[in-house]
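Everything below concerns the one structure shown next.
FYI, it's all coordinate maths here, none of it is from the lab. Being a predicted model, the structure only gives us computed values, none of them experimental. Every residue, glycine among them, receives a Cβ derived from its backbone with ideal geometry; neighbour counts consider all protein chains shown.
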Amino acid sequence: MYYNKISFLNIIKIYLKSHIIDSNKNLKSNIKFEFNIVNLNKNLRMNILVCISNVPDTTSKINFTEDHKAFDINGIQFIINPNDEFGLTRAIWFQQKNQATVTVVTVGDSSCEPILRKCLAIGANKAIRIDTSAKDGFYVATQLKSLCEKEKYDIIICGRESIDYNGGMVPGMLAQMLKLPFVTNCISMEVIENVVNVKREIDGGIESSSSSLPIIIGAQKGLVEESDLIIPNMRGIMQARQKPLDVIAPVSSSAKSSVEQFQKPQEKESVKLVAPENIDELISLLHNEAKVI
Amino acid sequence: MSIIVYAESLNGKFKKSAFEVLSYGRALANKSKKSLVVISINADNPMKLSNYGPDKIISLKDPKLKNFTAQNYANVISEYSNKENISILILSSSADSKYIAPLISVQLEAGLATNVVSIPKSLSPLVVKRSCFTNKAFNNTILTGVINIICVSNNSFGVIENPSEPQIIDESIQSEIDSSLKVNSIDKASGTVSIADADVVVSGGRGLKGPENWHLIEDLASVLGAATACSKPVSDMGWRPHSEHVGQTGKPVASNLYIAIGVSGAIQHLAGINSSKVKVVINNDPEAPFFKAADYGIIGDAFEVVPKLIEKLKAFKVQ
């Protein structure tokens, strides 16, 4: 009964919201009414953590330092890891519809702060930077575990993998460390009361499952669409400057792997062109030379 | 000390990657002079694994593990890894294996490297070569755990037959089943090849002009027994489902043959398909960046070239 009442009020609220935009008449009373409903919803508010990785832009040419020990950041634009951004957008929807609080966190030095400010401009309520360099997946998961033990989060969202290291390790490791249910390659997540329904993309299909909160998910495209991604507006950017960005000290932990050296793939031989009227030649090359058909 | 391999199966049948990771395990066991144990879960015919050289097969059969659930599969693999006193666990880089690998790594306090593309360069310390920056580069990673987990990239090592006469142990599980996450349903497209398992992938881009022309891709794929895929704009426009989108933010492809039709070859797309062995491009724009990444190319109109290719391939297959 209680929940029914709330969802009914939610519908009124959504109506009123659009009404406020449509006309400024009775603005005061509408806002007051909305304020009351928000209060009613308070005990349903979720606390959401979105873990963010700072990665080179998808169009970047990848180069390494002369000793091949590090990624060359010269001329590289850094962005929010795309898989994390799909997750952040989904979290903002929970914030807009269910008054969830969205915190973003990253493990990294101060050079990561611009992307945290961008997350705040997109709509996150607060940001946390754990002040250390990300040594490996295990080390990062340990830092996040420590944060999640101090704060109680209902939903923890990580991208399924970063587009630079491609380890896909952090969300699963964090889930096992916290002993929480975990769904990766997640393409849908809905919360009804305390039950979360999730969909996972599997090889050649979709798997649907459910659990109670809290949960950890590995986000990817599909959770929201590319066209749903939020481009910060001027108001968001201005507000982001006022929002809290806490810097906290790391906990002591050791990594279980390290990168010894980077390599670029070997230069390719140039393409063998076949004339469009000469399909037989292509089939013969694929059969006799490449031996793939 | 031994090496353990998890041989993945689907509906009782081994995936091709199961034989590949076992072949990889055999090579590593020879190099490090350790015994090789392979574990299968609800596989119909575990003896098939003896073609690829294990010293011992642990065949788990248990209705409680009928559906794949990451937590329970991770729990049993960890349990047997402990029992067998292993130093290295080898998994594939399939969606399911990459799902369970980080769970197992925390349970075993193990080092973990995913997308590994070759046999370790050195055993002490353990150094593996893995792809990173979505196939735009590689790195040599040093694994420093007492136990380490290697997820082998699909089609990177190959399947190598090496018949052995292994000991076979049939077991059912003793441990409690974790049910905090309940699988409610699985929807699978029947009769199609999935991108992850396919030897050949046929992919279409914006050059095909609309979803109504996709029969060209589907017909070519069916002649070759291939999976169908598409570029990012095609999935963004809703011509094809997301599950077919390959590239940096879509699925990675590591097939033997990748045929791109009407795909220009944006850097993000090329990154996702770079691990494929042989790449063929058909495009009417000679300036398309895909021609720089491809092994074979035809500059021509897809609507003329592809139907001819389908006919010729049908004739070729009959021979």
Below 12 angstrom from the Cβ of A:Leu282, what's the summed charge of the other residues (Lys, Arg +1; Asp, Glu -1)? -2
Which is the longest part of chain B that has none of the GluC sites (Glu not before Pro) sitting in a DSSP loop with at most 13 other Cβ atoms within 10 Å? B:177-286
Once amide H atoms are built 1.01 Å from N in the peptide plane, which residues 5 or more positions from A:Leu273, or in another chain, come under 5 Å H to H? B:Gly297
Tell me, what ³J(HN,Hα) does each residue in region A:176-185 have, in order and in whole Hz, if you take phi through Karplus 6.51 cos²θ - 1.76 cosθ + 1.60 with θ = phi - 60° and put x for Gly and Pro? 5, 5, 8, 6, 10, x, 9, 10, 9, 6
Give the shape of region B:200-318 as rounded, prolate or oblate, defined through the alpha-carbon gyration tensor: a ≥ b ≥ c are the square roots of its eigenvalues, a/c under 1.5 means rounded, and otherwise the shape is prolate if a/b is larger than b/c and oblate if not. rounded
Nearest-20 debye value, chain B charge dipole, Cβ charges on Lys, Arg, Asp, Glu: 580
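If the convex hull of the alpha-carbon atoms of region B:45-94 is projected onto planes in all directions, what is the mean projected area in square nanometres?
Over all viewing directions, region B:45-94 projects a mean Cα-hull area of 4.4 nm².
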Cα principal axis extents for the protein assembly as shown, largest first, Å: 80, 60, 54
Given the options A:Phe71, A:Gln242, B:Ala266, identify the residue whose Cα lies farthest towards the positive end of the charge dipole of the protein assembly as shown (+1 on Cβ of Lys, Arg; -1 on Cβ of Asp, Glu). A:Gln242
Starting at the first residue of region B:53-63, write each ³J(HN,Hα) from the Karplus equation 6.51 cos²θ - 1.76 cosθ + 1.60 with θ = phi - 60°, in whole Hz, x for Gly and Pro. x, x, 8, 8, 10, 9, 9, 8, 10, 7, x
Among the chymotrypsin sites (Phe, Trp or Tyr not before Pro) in region A:69-114, which ones are in a DSSP loop with at most 12 other Cβ atoms within 10 Å of the Cβ? Mind listing them? none
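Å³ per residue of the Cα convex hull, for chain B? Can you show the working numbers first?
On the way: hull volume 46.4 nm³, N = 319.
Spread over its residues, the Cα hull of chain B gives 145 Å³ apiece.
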Would you compute the Debye intensity of region A:43-134 from its alpha-carbon atoms alone, equal scatterers and no solvent, and pass along log10 I(q)/I(0) at q = 0.12, 0.15, 0.19 Å⁻¹ to two decimals? -0.42, -0.61, -0.87
Angle check, please: helix B:215-224 long axis (alpha carbons) against the longest principal axis of chain B (alpha carbons), in degrees 0 to 90, nearest 10. 50
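By count of other Cβ within 10 Å, fewest leading, how are B:His269, A:His287, A:His68 ordered? Each step should come with its number before you reach the end.
Values: B:His269 27, A:His287 12, A:His68 15.
In order of increasing Cβ crowding within 10 Å: A:His287, A:His68, B:His269.
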In order over region B:102-117: 3J(HN,Hα) from phi, Karplus 6.51/-1.76/1.60, θ = phi - 60°, whole Hz, x for each Gly or Pro, gives x, 5, 5, 4, 6, 4, 9, 6, 9, x, 9, 10, 9, 6, 7, 10
Return the percentage of antiparallel bridges among DSSP beta bridges fully within the protein assembly as shown, rounded to the nearest 5 %. 35
Take region A:45-293, compute every pairwise Cα distance, and split them into 10 Å bins from 0; I just need the percent in each bin. 7, 28, 31, 18, 9, 6, 1
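In the P(r) worked out for region B:85-220, what percent of Cα pairs fall beyond 24 Å? Can you show the working numbers first?
Details: 4871 of 9180 pairs.
That tail contains 53 percent of the Cα-Cα pairs.
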List the extent of the Cα atoms of region A:56-104 along each of their three principal axes, largest first, rounded to whole Å. 50, 18, 14
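Nearest 500 deg cm²/dmol is fine: what mean residue ellipticity at 222 nm does chain B get from its DSSP H runs of n ≥ 4 alone, each adding -39,500 (n - 2.57), divided by its residue count?
On the way: 8 runs with 87 residues, N = 319.
Value at 222 nm, helices only: -8000 deg cm²/dmol.
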For region A:237-290 the translational diffusion coefficient, Stokes-Einstein from a Kirkwood Rh over Cα pairs at 20 °C and viscosity 1.002 mPa s, in µm²/s, is roughly 115
Excluding residues fewer than 8 positions from B:Lys64 in its own chain, the aspartates and glutamates with Cα under 12 Å of it are B:Glu176, B:Asp178
Kirkwood-based Rg to Rh ratio, region B:2-171, C-alpha trace: 0.93
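What are the semi-axes of the equivalent ellipsoid for region A:63-206, taken as the square roots of 5 times the Cα gyration tensor eigenvalues, largest first, in whole Å?
Working: eigenvalues 139, 66, 51 Å².
For region A:63-206, the ellipsoid semi-axes come out as 26, 18, 16 Å.
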May I ask you to sort A:Asp84, B:Asp170 by Cβ crowding, counting other Cβ atoms within 10 Å and putting the fewest first? B:Asp170, A:Asp84
As straight-line cross-link partners of B:Lys251, the qualifying lysines (C-alpha separation under 19 Å, not fewer than 8 residues apart within one chain) are A:Lys199, A:Lys221, B:Lys15, B:Lys16, B:Lys98, B:Lys136, B:Lys188, B:Lys232, B:Lys277, B:Lys279
